[in-house]
Structures are given as structure tokens and as C-alpha cells.
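The values are calculated or read from the model by the stated rules, or taken from the named source; none is laboratory data. As the structure is a prediction and not an experimental result, all values here were calculated from the model. All Cβ positions, glycine included, derive from the backbone under ideal geometry; neighbour counts span all protein chains shown.
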């Protein structure tokens, strides 16, 4: 009797152990690991023949390689005016733009009917050199000779197109005095090669690849901004600074051009105001501390200097950028 009960209890115990083991087995199944959070940002740059687009790609590459879970996608655009509108509309997260155009956007003037306030500055990337070129065969020798000629002031939506009328004004010209073609600089260069355009303006780093390319086919005249006209431009357009492109920067058939007198603004990196502070801190830090890596992707990366980071910026900075500059004793 006792043995029978013992046997019965042993069987029940074994059954219970099997059930518990099965239940425990189910509970011990590994839980799928959560994938790291991925942040995707859109970076508005410029035309593919300009500086913004390839330089933006070099900057994005450094960010993507050094910030876990970040994917910055570079998109071409019409340039500064369009870029700030894209941020304003929520269609871009990061943008390159000229400091004077950002100032216009912030204050709702110039190309902007109302203020755009939802962007913040990160820092200066490189000097924006205003470069005007004309075909020598066109007979143009200076800016005053543009009257009646076929001229591209840059594409609609670009900082170039918004800036060129101010330059023409101090030389007594209006846009209506010329046959205006709102081409990208790449298209303008192709037209000049084919003799379909006499002159073109753009805001580029120097040497500009598109101008170097043009010089393989055509001799050009650089449209210099000097003397009383340069002084008047500075009075009317305070963010402009004199700039000298060094002799030998450009050449035609082995002959170097002498130094070229023009003016410059600043190419500045801007972001949405609501981007995470720590993320923007890291974007800022990498921009200035890994400029040598950026320069491997585009020569203008060599011009990214911490010493120039806050010069000429009139709009508010992002808190993440401010944090970085405070660490460096700059704010």
C-alpha cells in the first residue's frame, strides 16, 4: 500500500518536473534584441556643378561614419534661398546657405516675404567667393560691359541670384539691362563653351572646378569688384568683405591669371531649431575637428577653420553648437 502510494507520488513528481521544464524552456527563449535607433536627416546643398553639393557629400560622409545610427542624405537644390525655405517647410533638416541670405530669411526681406525663424546656425564652413566670368571673345572687359549681353546671375532660388543685383546696382546696371538666363553654373559653363552665353556669376570656393573646366575650352575675363564700387557695395551690403583670389589660382593654356579682386560672404551650416542638442553638438564637433577628413572628399574642406566658425553670423545659434563653442572658450 505504502509502496503503491510512493510510486504514484514519484510519477506525479516526474510529470510536474516535465511541465515546469517545458514552461521554463519557453520563458528562457532569447528575446530579440532591439535594433539601435536610426536617425535620418536630409541635407539641402546646391547644384551639382557648384561647391555646396560635393562638399555637403564630404561632410555627410564624415558624420555618417562617426555617429552611430545616423544617416544624412545629401540632396541637390537651387541653393541658399531654396535651402532655407526647405527647412522652413520641414522638407530639410540641415542646409548650407550664404550668411546674407540667412539674414534676409530671418528678417523676412529680400527673397522672403515673411520671416523664417525655425532654423539655427551651426557655424561658418568656408568663405563664399563671388566669381563672375565672361568670355574674352564677347568683348566684355568689366562689369559695366555686361549691358545688352547674355548673362546668367545664377539659378532661381540661389544666393547668387539674390546677390548679383546688388553688385550690378553699384555699377549703374539693372537686371533688365541684360539678357538674363537663370542657369545653374554647370549649365552656364556648357552654354559658354558652346557660345550661347556671354557671362555668368556664381558663389564658389576657389579654384572652382566649373571655372577650371571652362578654361580648358575658352579664355575668360574675371569680372573684378574694386575701387569706389566695392566701397559702395560694402556700405549698402554690410556682410560683404573684400576678397583677393591669389595669382595662379586659375590659368589658361599654361598662363596664370594675376590676382583677382572680388568680394566674399560666408557659407554657413544651418539646422532645424528642434534638432536634438547632443546630435547638433556632435555635428558641430566633427565639422571642425575632422575637417582634414572632409578635405579628402572636397578641397573646400581645408577651409573649414574653427577660428572663423562664428564670424559674420547674424542669426541665432543652435544650443548644441553653443555648447561646443563654450567648451572652446569662444562664447
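The table for this structure:
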| read-out | value |
| --- | --- |
| Checklist (1) part of a helix (DSSP H, G or I); (2) over 17 Å from the mean Cα position of the chain (by Cα); (3) in contact (Cβ under 8 Å) with a residue 40 or more places away in the chain applied to residue 239, failing item | (1) |
| Residues satisfying the stated conditions in segment 65-89, i.e. out of contact with any helix residue (DSSP H, G or I) (no Cβ under 7 Å at 6 or more places or on another chain) and in a strand (DSSP E or B) | 73, 75 |
| Which numbered condition residue 320 misses (of (1) in contact with a strand residue (DSSP E or B) (Cβ under 9 Å, 6 or more places away or on another chain); (2) crowded, with 16+ Cβ neighbours inside 10 Å; (3) within 16 Å of residue 266 (Cβ to Cβ)) | (3) |
| Residue check for residue 48: surrounded by fewer than 20 Cβ atoms within 10 Å (Cβ to Cβ) and in a strand (DSSP E or B) | no |
| The listed residue being part of a loop (DSSP other than H, G, I, E, B), surrounded by 22 or more Cβ atoms within 10 Å (Cβ to Cβ) and at pLDDT 95 or above, out of 121, 92 | 92 |
| Filtered residue count, segment 144-161, keeping only those that are modelled with pLDDT of 95 or more and surrounded by 22 or more Cβ atoms within 10 Å (Cβ to Cβ) | 4 |
| Some residue of segment 272-287 being touching a helix residue (DSSP H, G or I) at 6+ places or on another chain (Cβ under 6 Å), within 22 Å of residue 38 (Cα to Cα) and without any contact (Cβ under 8 Å) to a residue 40 or more places away in the chain | yes |
| Count - residues of segment 315-331 that are more than 9 Å from residue 121 (Cα to Cα) and in contact (Cβ under 8 Å) with a residue 12 or more places away in the chain | 8 |
| Residue satisfying all of: in segment 306-317; closer than 26 Å to residue 209 by Cα and modelled with pLDDT of 95 or more; surrounded by the most Cβ atoms within 10 Å (Cβ to Cβ) among these | 309 |
| Of all residues making up segment 154-174, the number that are free of Cβ contacts under 8 Å to residues at least 40 places away in the same chain, in a helix (DSSP H, G or I) and out of contact with any strand residue (DSSP E or B) (no Cβ under 6 Å at 6 or more places or on another chain) | 2 |
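Quick grid of which residues meet (1) under 23 Å from residue 126 (Cα atoms); (2) outside the structural domain of residue 121 (by TED's automatic domain parsing):
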position: 218; (1), (2): no, yes
position: 221; (1), (2): no, yes
position: 241; (1), (2): yes, yes
position: 244; (1), (2): yes, yes
position: 276; (1), (2): no, no
position: 282; (1), (2): yes, no
